Amino acid sequence: MWGMDVIGPINPKASNGHMFILVAIDYFTKWIEAITLASVTAKAVARFLRRDVIARYGVSATIITDNAKSLNNKVIDELCAQFKIRHRNSTPYRPQMNGAVEAANKNIKKIIEKMTVNYKDWHEMLPYALLAYRTSIRTSTGATPYSLVYGMDAVLPIEVKIPSMRILAEAELAEAEWAKQRYEQLNLIDEKRLKALCHG
């Protein structure tokens, strides 16, 4: 199940003319996908769902959105019908129904604010904000979204410049030993996901 929402309009506009961020979150792993847009059109939302959600992670059984016109229209209805996705709406009286995406929006905005030096270049910080979010432990799961999706911890850019103990240890491994350890990590992914499901 994925939740989807829009951040914006953001002032000032980015140097590329974009003033919105379209955000989708997987409710189980807390993985976020997001893109910047100049305007939130039905066509742009449908393209985002097809390219950034369905093509990467498969067809979701359900998508939850608020009642915004850009997220509720004929184009989105047709896309959901094509892939047999249930499209649910949170109500104005119960916005917590889509609470995970609202919380993610707050986090993304905070991260971008802290990373941005020139406010017109905020759109360039979005990929790094997503990396920061995806590699931070979520209290609701007790794990990082990255580890729940890929079954291992991400190598962070800082670990390339200043190698961590984990990176140094992996560098010493022969290729066969590294592959064996990676295979063992993948075998434990179901256990890690079950632990996250029972967490909290």
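Remarks
- Separation between Cα centres of segment 141-200 and segment 55-80, rounded to whole Å: 32 Å
- D (Stokes-Einstein, µm²/s), Kirkwood Cα radius, segment 148-198, 0.692 mPa s at 37 °C: 267 µm²/s
- Rounded D (µm²/s) - the chain, Kirkwood Rh over Cα pairs, Stokes-Einstein at 10 °C, 1.306 mPa s: 86 µm²/s
- Contact order relative to length of segment 42-200, as percent, for alpha carbon pairs under 8 angstrom and 6 or more apart: 15 percent
- The chain: antiparallel DSSP beta bridges as a percent of all, rounded to 5: 65 percent
- Paramagnetic label zone (point 7 Å from Cα along Cα-to-C-beta, Glu191; backbone N under 19 Å) in segment 160-182: 178-182
- The protection proxy used here, the mean number of other Cβ atoms lying within 10 Å of each residue, ranks peptides 123-134, 47-58 as follows, highest first: 123-134, 47-58.
- Gyration tensor verdict on segment 75-170 (Cα atoms; rounded if a/c is under 1.5, prolate if a/b is larger than b/c, oblate otherwise): prolate
- Three-way shape label, segment 1-79, alpha-carbon gyration tensor, a/c 1.5: prolate
- For segment 2-134, the relative contact order is 27 percent, taking Cα pairs closer than 8 Å that sit 6 or more residues apart in sequence and dividing their mean separation by the residue count.
- Residues of segment 38-61 falling in the label zone of Glu78, defined by backbone nitrogen less than 14 Å from a point 7 Å along Cα to beta-carbon, are 42-47.
Just so you know, all these numbers are worked out from the coordinates, no wet-lab data involved. Being a predicted model, the structure only gives us computed values, none of them experimental. Here the Cβ is made from the backbone with ideal geometry for all residues, glycine too, and neighbour counts use every protein chain on show.
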